[in-house]
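As structure tokens, the structure follows; a few thoughts come after it.
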Amino acid sequence: MSRIFVTGGSGRLGRSVVAGLAEAGHEVISVDRDAIPADQLPAGVVQETGDLLAPGEALRLLTQTAPDAVIHLAAIAVPFSAPEDVIFATNTRLAYAVISAATELGIGKIVTASSPTVLGYGCPAGWLPDSFPLDERSVPKPWNAYALSKLIAEQTVQMFAAAQGEKIRYAAFRPCYVISPEEWDGAPTQQGHTLAERLADPALSAPALFNYVDARDVADFLDVLLQKMDTIPNGETFFVGAADALATAPLAELMPRFLPGSEALAAGLTGTSPAFSIAKARDLLGWEPKRSWRTELKTETTLNDETSASLVTAGAGSKETS
């Protein structure tokens, strides 16, 4: 059991991370600007409030709570949801403030959240990768402030890892399009659509290349990562996603419709294979996602009988082939 300091603990991903780590037996300190009602906190979770951008605030809270590990999630989480300069300044300053303060205090394990958007898909000027599936070797090509800020967060942990050697362990992770538990029951996703709508209309999931991950699987990943950080190379970055695509048809068929010029590149994305590989997390950590839209989506939340039938058919007998 560890004592874990989680920034952004009140957010969409943060709530599931805090709950999952607490359920796994860790002592969790959830840190955010605004408190959530005490009756919404999982048993045993301590809540702290503070503005981590304020000078000295990250150091104060970390000193006060004395954790064994830090997971940094706090950020402006949606591209273009604020002016570009605000997103860039906020996210990069938050990452540096938390990681540098934790390093100064000698906290043994420090993890920061990044994003698959660092790779640059969706660029208005056009984008194609060198190959599919995308993995940690794919070249980052950020084209907006959010993606650039996340790449800098990765580089920040790598910078500190280089300076600290083996004294402190660092890692970054790129969670795919996060699905919180209530969204399986029909609550709107981050873009305002339900999951049933995203599955019924591939154009809604195409901008994210049909990637997704259950927030609870991210919590499981972080639990495993913290356990294994002493045994893997320092400063590693991991994709964290579902084992399948958020689509009812193979991406080899869908991708060329929405990503011009990708026919040959996507040809290998057959069956339920996703566009993003999680092989590194499997190989280095032994982590495996437990949840899929095929097992979690409540078909009664779908739009109509025809859509419901298509989802049930897509889920029946499906086997992950990535």
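Filter the stretch 136-183 down to residues that are within 14 Å of His72 (Cβ to Cβ) and among the hydroxyl-bearing types (Ser, Thr, Tyr) and give me whichever is surrounded by the fewest Cβ atoms within 10 Å (Cβ to Cβ).
Here the residue is Thr156.
Could you tell me which numbered condition Glu166 fails, if it satisfies all but one of (1) within 20 Å of the chain's Cα centre (by Cα); (2) of a type in the set (D, E, K, R); (3) modelled with pLDDT under 95?
(1)
Which residue pairs have Cβ atoms closer than 6 Å, lie 6 or more positions apart in sequence or on different chains, and pair a first residue in the stretch 163-190 that is among the aromatic types (Phe, Trp, Tyr) with a second residue that is crowded, with 21+ Cβ neighbours inside 10 Å and part of a strand (DSSP E or B)?
These pairs meet every condition: Tyr170/Ile110; Phe173/Phe238; Phe173/Val240.
Just checking: which of the helices (runs of 4 or more DSSP H) contained wholly in the stretch 184-273 hold 3 or more residues that are surrounded by 14 or more Cβ atoms within 10 Å (Cβ to Cβ) and in the same structural domain as Gly122 (by TED's automatic domain parsing)?
Values: elements: 195-200, 202-205, 215-228, 251-258.
Once the helices (runs of 4 or more DSSP H) in the stretch 184-273 are filtered for at least 3 residues that are surrounded by 14 or more Cβ atoms within 10 Å (Cβ to Cβ) and in the same structural domain as Gly122 (by TED's automatic domain parsing), what remains is 215-228.
Answer yes or no: is there a residue in the stretch 156-174 that is in contact with a strand residue (DSSP E or B) (Cβ under 8 Å, 6 or more places away or on another chain), under 19 Å from Ser262 (Cβ atoms) and outside any strand (DSSP E or B).
No, the stretch 156-174 has no match at all.
The values are calculated or read from the model by the stated rules, or taken from the named source; none is laboratory data. These numbers were taken from a predicted model, which means no experiment stands behind them. With ideal geometry, Cβ positions are generated from the backbone for all residues, glycine too; neighbour counts draw on all protein chains shown.
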